[in-house]
1. Taking the criterion of being more than 14 Å from chain A (Cβ to nearest Cβ), touching a residue at least 40 places away in the same chain (Cβ under 8 Å) and open to solvent by 50 Å² or more (accessible area, probe 1.4 Å), would at least one residue in segment B:95-116 satisfy it?
2. Right, A:Thr232: closer than 30 Å to A:Asp327 by Cβ, open to solvent by 10 Å² or more (accessible area, probe 1.4 Å), of a type outside the set (Gly, Ala, Ser) and touching a residue at least 12 places away in the same chain (Cβ under 8 Å) or not?
3. What are the residues in segment A:98-122 that are outside any strand (DSSP E or B), among the polar types (S, T, N, Q) and either away from every other protein chain (no Cβ under 14 Å) or farther than 14 Å from A:Lys141 by Cβ (or both), if any?
4. Anything in segment A:183-202 that is open to solvent by 10 Å² or more (accessible area, probe 1.4 Å) and not in a strand (DSSP E or B)? List them, or say none.
5. Of everything in segment B:117-141 that's within 11 Å of chain A (Cβ to nearest Cβ) and either within 15 Å of the chain's Cα centre (by Cα) or small (Gly, Ala, Ser) (or both), which residue is surrounded by the fewest Cβ atoms within 10 Å (Cβ to Cβ)?
6. Taking segment A:451-488 on its own, how many of its residues are away from every other protein chain (no Cβ under 14 Å), over 21 Å from A:Gly373 (Cβ atoms) and open to solvent by 20 Å² or more (accessible area, probe 1.4 Å)?
7. Wholly within segment A:288-391, which strands (runs of 3 or more DSSP E) include no fewer than the required count, namely at least 3 residues that are more than 19 Å from A:Gly223 (Cα to Cα)?
8. Which numbered condition trips up A:Val266, out of (1) more than 23 Å from the chain's Cα centre (by Cα); (2) within 30 Å of A:Ile335 (Cβ to Cβ)?
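The values are calculated or read from the model by the stated rules, or taken from the named source; none is laboratory data. Everything numeric here is computed off the predicted structure, so don't read it as measured data. Cβ: placed from backbone, ideal geometry, glycine included. Neighbour counts: every protein chain shown. Please note that ligands, DNA and RNA were not included when accessible areas were found on the heavy atoms of the full protein model with its side chains. Shrake-Rupley method; radii C 1.70, N 1.55, O 1.52, S 1.80 Å.
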Amino acid sequence: MPEKHCLHATIAASALALALSAATASAQQPLPPPPTPETPRPVPPILQGYKPVTAERLKQPEDSDWLLYRRTYDGWGYSPLSQITTENVGRLKPVWTLQTGQIEGHQAPPIVNNGVMFVATPGNQVLAIDAKKGDLLWRFKRPIPEDILLLHPTSRGVGLLGDKVYFAAADAVLVALDAKTGKELWNAKVEDYTHGYYMSLAPLVADGKVMVGCSGGELGVRGFVAAFDAETGKPLWKTYTVPAPGEQGSETWPKGDQWKTGGGSVWITGAYDPTTNLAFWGTGNGGPWMGDQRPGDNLFTSSTIALDASTGNIKGYHQYHPNDSWDWDEVNPPILVDYQRDGRTVKGLVYVARDGYLWMLERTADKINFVDGKPFVKQNVFKGLDPKTGRPDVDPARQPGTGKKAEFCPSLWGGKDWPPAAYSPKTRLLYIPANDNLCGALMGDPVTYTPGQRFTGIAPANSIFSIAPGADHIGELQAWNLDTGQKVWSHPFANSQLWGPVLATAGGVLFMGGTNDRYFRAFDASSGKILWEFRTGSGVNGVPVSFQVDGKQYIAVQSGWGVDAARMQARLNLERPWEFPEVPQGGSVWVFSVD
Amino acid sequence: MGVGFTLAPRLALAQAEPARERPREGDLLVAVGATGAPEPLKPDDLALGSKQMFAWPIDPESNTVRDGSRLNRILLLRLDPESLDPVTKERAAEGAVAYSAICTHTGCDVIGWHADSQHLECPCHYSQYDPKAAAKVVSGPAPRPLPALPLRIADGRLVVAKPFTGRAGFQQV
């Protein structure tokens, strides 16, 4: 019977539709991409003429480009472009903006090569954009496994060499893309995400290699830096930040197998010195969090390590604080810059630590030497530093442990977390995005290791966060003279924390976002005075950059609040109810210029 | 014949990993980390008002513990049945309630418990859920409730009455 048939079909169809809509509603997954034509997309002219990135260009980039995480291997975060000045920056205006389609923390710098911009975002996504016009040229997206434990859903950028774009995917896989098409050329497994390893950093491309490390310090990982052949993806070397028995530093892990889950994660791109072929990497805190659960100094956690890029051998190190118990990762690389001390020029490493100290070190071909260190925020854990070695004299009352609660400042997010400081050779000032007047308390519980599970030994109720009594500000942009070791100026933020990477420019202007009011700002590099500000749709956690196309200077940054900035906002809102309301999420790329 | 031939490998694949399949109606529950022969949980294994315990589903036919995916981790609580909202009461068995243990924000295990407010808390970004009210989000960045796993009692043991009410896991960004 046709009618009956038809009726059945209708019922079946409605049931199917109902099932589908129910599935969609409960799954809450993003819509599938729209269907695309089978014919490959023609390569746009700007990509047909893509300018290959050479090793020489990475060492000596054109003023117009931003090819590395901090533009140059020395980590300055400085652009020599000078059309935008303290005089005209007040007329800075948006040129274009582009939605990334993602939520969470957008932390990556827009990497710019000869007018082609590459932007990494949360969600394992890379966008290629015409940097001048804002046209989306291609989009790469790699599915994230549904069972991953991704504590920090972000990406901090891509690396470039030749016609390739390198992306450290969240699921601990290194991916090489064709810069002209966005198609994957090869991928290389870096580690096993089901065991807590995940990636968020921008790869460091140097010496013909692509170097990466993994996050996962909360999940019982053993940190490392691994190098892959830039052309083929073949693994070349892997150097653990926690030594196995018999290796250098293993005497600082005297208790059994603790080194196997000892932390020391690596999640910020290293710096590099081409003259010595040394790559400088920062390492995370030890795991589990309480130092009394892993006796010893725990090398090379909370340290800077200098790796020979050709072999991966550790040629030097400086551990900022042994046997960490405060969750103070020291993951940024130091800035490579020479400075004056006691009448001599020091070939320097300058490091702004999460432990609240500004560290001045010396780099040599086979050693890192301590020069001096001093606190740049409220710090009550170190009673002082050994004048020769820099080893801190830790106040035992300020060191939490298993079943032992201790209060300490700065908080576990430190005096400065991951957002990079910048240095300007014009002012010889170092610019620090600091968080002052924040404290906390921790107390540990015994914890057993299960692969892929949380391994901090800290119950949520035993992690306490507080604002120091009488605090008149939290976030603070500070400027320090490297030669005198003195703070020259500071710009406080009374009602906001600061999670803003800093850009310094030859025009005497600094750029930074990072506050909870969603502003992106320009500062006078000499005085700290605000010269311009612009409110975006979300908070600005991205690394700002400057580039030039067709003779015109631009400023670019990602807006997109999330991860730790958002987490701190929630904690501050508990401390001072409704003074720190939710900051809207949703990522976008912004490009500005002066007419 | 042709159809059978093409379907068979797919069927075999699906059957090859029952440990990764989400909990099914009729599954029993066993404690995470338990050693020895799996001992299905009973309501009295859960102390009234105590911190959550963690469990895996187990297929009673094959005795397969479904521990092949962390998205199968289940958190169990026993609460005063009179304190539960109607939807939760419907899903509960003698006050025992079950939810996905995976935070819907970034996928951490929800291990925290506030005894005073009877709220569950994720240690990673401090999202809190109310297990008496279908695990609705009461604070923090979690975008949606923890999926519930309706329970019933059979032969004195906790049994999965229906699959998860929503997708276990975090919001894919």
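1. no
2. Considered against the rule, which asks whether it is closer than 30 Å to A:Asp327 by Cβ, open to solvent by 10 Å² or more (accessible area, probe 1.4 Å), of a type outside the set (Gly, Ala, Ser) and touching a residue at least 12 places away in the same chain (Cβ under 8 Å), A:Thr232 comes out as no.
3. Within segment A:98-122, A:Gln107, A:Asn114 meet the criteria.
4. Scanning segment A:183-202 gives A:Lys183, A:Val190, A:Glu191, A:Asp192, A:Tyr193, A:Thr194, A:His195, A:Tyr197.
5. B:Ser139
6. Here the count works out to 7.
7. Qualifying strands (runs of 3 or more DSSP E): A:339-341, A:344-346, A:348-352, A:357-363, A:368-375, A:382-385.
8. (1)
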